[in-house]
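Data block below; observations after.
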Amino acid sequence: MELRQLRSFVTLVESDFNVSQAAERLHLVQPAVSQHLRQLEDELGVRLFRRRGKRLLGLNEVGDKVLAYARAALTATGNIAAVGKDHAQEQTGVLRVAATHTQARYVLPSVVRRFSAEYPGVALEIHQGTPAQLIDMVVRDGVDLAVCTEGLDPHPALLAVPCYRWNRCLVAPEGHPVLACKPLTLDVLCAYPVITYVFGFTGRGNMSDTFSREGLRPHVVLGAVDTDVIKTYVREGLGIGIIADMAYQPDHDADLARRDLSHLFPWEVTKIAHLRNKYLRGFQQRFIDVFQAETAGLGQVGRGPKTG
């Protein structure tokens, strides 16, 4: 059994069983990939795929089991190479980080600035996506680290490191009637059109569950992935915004009034995840350390809610 056979097998699965696409990703000709798959099945003495004629439809039960071990073998091979690079090329390499828009836009800049000053020889790649896409990137070893709040737990293949806690705030144009309401309650928020995140992003699920437990349903007129989009439509007068508190920037958002909502909603925890069995190079671990240090002021995990 050869590593190239396992690599072709895993890449085929990740290419939705499209042999030509897998060959393109591996920089091989299509017959070579097909040969690797035949050799792997012949050596194992069992079929790994569900087929319809010559077309591959997916993995069978045996194939599912082999896939897990094949990925582990490729990860182990990568770990061996990483150990060598960590000693021979300690200050150079590529760090692939995946993050949601909110993390990439509002949290990562200071982390990247500090990390890049310490490791100028490390090229950073920032990949963006939904929480589900970030998890898939990490599991497939398409990125080294993923930063997000939702979807990471529980996942047996991942180790998620809690980093900081955050909550939500309300934003509205100066003079908006909601700003005169004291105290702000869930009922008050339901009296106005709301602009916030789409489901699956930035704590939207927990926010909606909070309203539901009280038998309330907010009038959400617009959902977005991008906090800047939410703030844009708040400025247009479409509704009040409920956003992650760290996404409010006093210098850039001076035209919007902010009100704390941490007394209404549960606190969220942002984590950094990586493959549980992945060897972290020195600069990869350092990025996690820098991230935790730079976000410490946002809200440390395990502490009570901030007041004020």
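The values are calculated or read from the model by the stated rules, or taken from the named source; none is laboratory data. Every value quoted in this text rests on a predicted model; they were computed, and no experiment measured them. FYI the Cβ positions are ideal-geometry reconstructions off the backbone, even for glycines, and counts take in every protein chain you see. These area figures cover heavy atoms from the full protein model, side chains too; ligands, DNA and RNA do not enter into them. Shrake-Rupley method; radii C 1.70, N 1.55, O 1.52, S 1.80 Å.
So the values come out like this:
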| read-out | value |
| --- | --- |
| Matching residues in region 138-153 - criterion: being within 20 Å of Phe199 (Cβ to Cβ) and at pLDDT below 90 | Cys148, Thr149, Glu150, Gly151, Leu152, Asp153 |
| Number of positions in region 218-248 that are assigned to a loop (DSSP other than H, G, I, E, B) and either under 19 Å from the mean Cα position of the chain (by Cα) or surrounded by 15 or more Cβ atoms within 10 Å (Cβ to Cβ) (or both) | 6 |
| Sole exception among (1) surrounded by 17 or more Cβ atoms within 10 Å (Cβ to Cβ); (2) under 17 Å from Phe201 (Cβ atoms) for Ala160, by number | (2) |
| Cβ-Cβ under 8 Å pairs, at least 6 apart or on other chains, region 196-217 side within 17 Å of Val229 (Cα to Cα) and in a helix (DSSP H, G or I), far side of a type in the set (Phe, Trp, Tyr) and at pLDDT 90 or above | Arg204/Tyr197 |
| Only listed residue being under 30 Å from Arg25 (Cβ atoms) and among the hydroxyl-bearing types (Ser, Thr, Tyr), chosen from Thr130, Thr185, Thr196 | Thr130 |
| Restricting region 88-125 to residues that are free of Cβ contacts under 8 Å to residues at least 12 places away in the same chain and assigned to a helix (DSSP H, G or I), the residue that is farthest from the chain's Cα centre (by Cα) | Ala88 |
| Residue satisfying all of: in region 1-51; in a helix (DSSP H, G or I) and small (Gly, Ala, Ser); most open to solvent (accessible area, probe 1.4 Å) among these | Ser20 |
| Single residue of region 126-145 satisfying the filter (among the β-branched types (Val, Ile, Thr) and within 8 Å of the chain's Cα centre (by Cα)) that is least open to solvent (accessible area, probe 1.4 Å) | Ile135 |
| Selection count, region 1-18, where residues are free of Cβ contacts under 8 Å to residues at least 60 places away in the same chain and among the β-branched types (Val, Ile, Thr) | 2 |
| Filter result (among the β-branched types (Val, Ile, Thr) and either closer than 22 Å to Lys271 by Cα or open to solvent by 20 Å² or more (accessible area, probe 1.4 Å) (or both)) within region 166-209 | Thr185, Val188, Thr196, Val198, Thr202 |
| Tabulated pairs, region 252-269, first open to solvent by 40 Å² or more (accessible area, probe 1.4 Å), second assigned to a strand (DSSP E or B) and small (Gly, Ala, Ser), C-beta under 9 angstrom, 6+ apart or interchain | Arg258/Ala172; Arg259/Ala172 |
